[in-house]
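Peer 1: Sharing a structure with you now.
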Amino acid sequence: MSKEAALRAMREANYRKRTAGEKLPSKPTRPAARPAKAKPVAVASSAAPTDALCGHRSMNGRTCTREQGHTAKNHRYS
């Protein structure tokens with residue numbers, strides 16, 4: 001049986017089930033809302049200067065210009 005013939009047979013079987021009044025198994029439902037995750041709070045220590053940069057390097061050699069320990073998920077390169 002070819003791939004097309006197998007797909008056609010599966011479609012026809014599903015069609016017969018629907019027209020006969022049987023329900024197809026449905027996907028499980030997701031909960032309405034996910035529990036909120038606690039976001040880490042950046043605490044500025046007195047030992048570290050606040051104007052220090054993140055310094056993360058991208059694949060092409062650029063460095064991140066955001067502050068050290070930034071809470072943003074992405075980096076800002078220049």
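Peer 1: Looking only at the stretch 33-78, count how many residues are assigned to a loop (DSSP other than H, G, I, E, B), aliphatic (A, V, I, L, M) and at pLDDT 70 or above.
Peer 2: Residues that pass the stated criteria total 6.
Peer 1: Taking only pairs six or more apart or across chains, which ones have beta-carbon atoms under 9 Å, a first residue in the stretch 1-30 that is surrounded by 10 or more Cβ atoms within 10 Å (Cβ to Cβ), and a second residue that is at pLDDT 90 or above?
Peer 2: none
The values are calculated or read from the model by the stated rules, or taken from the named source; none is laboratory data. Since this is a predicted model, take the numbers as computed values, not measurements. When we count neighbours, we look across all protein chains shown, and the Cβ atoms used for this are built from the backbone with ideal geometry, even at glycine.
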